[in-house]
1. Quick check on region 25-65: of everything there that is open to solvent by less than 100 Å² (accessible area, probe 1.4 Å) and hydroxyl-bearing (Ser, Thr, Tyr), which residue is farthest from Ile15 (Cα to Cα)?
2. May I ask you to list the residues in region 1-21 that are part of a helix (DSSP H, G or I) and either modelled with pLDDT of 95 or more or open to solvent by 90 Å² or more (accessible area, probe 1.4 Å) (or both)?
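The values are calculated or read from the model by the stated rules, or taken from the named source; none is laboratory data. Here the structure is a predicted model, which is why all the values come from computation and not from measurement. Accessible surface areas use protein heavy atoms only, side chains included; no ligands, DNA or RNA. Shrake-Rupley method; radii C 1.70, N 1.55, O 1.52, S 1.80 Å.
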Amino acid sequence: MLGLFVVFSLSRIQIDHFSEHRFIEWMRNNDIYYIGDEYHFRLGIYLSNLRRIHEFNSAKRTFKV
């Protein structure tokens, strides 16, 4: 269910080119490549996870993700 939300949300937001570049670098570093709908689906997951990490790390905690 979360995956469908990510795809739907991705179609409604403007993607930051820097974040997309970081996703492409991640694919290269891990020797994983996506194209077409799969690319956009995985990019949405990547951006969602990146946002969650930034939100978590911005809180005062004893550790960071």
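1. Per the criteria, the residue is Ser58.
2. Listed by number, the residues that qualify are Leu2, Leu4, Phe5, Phe8, His17, Phe18, His21.
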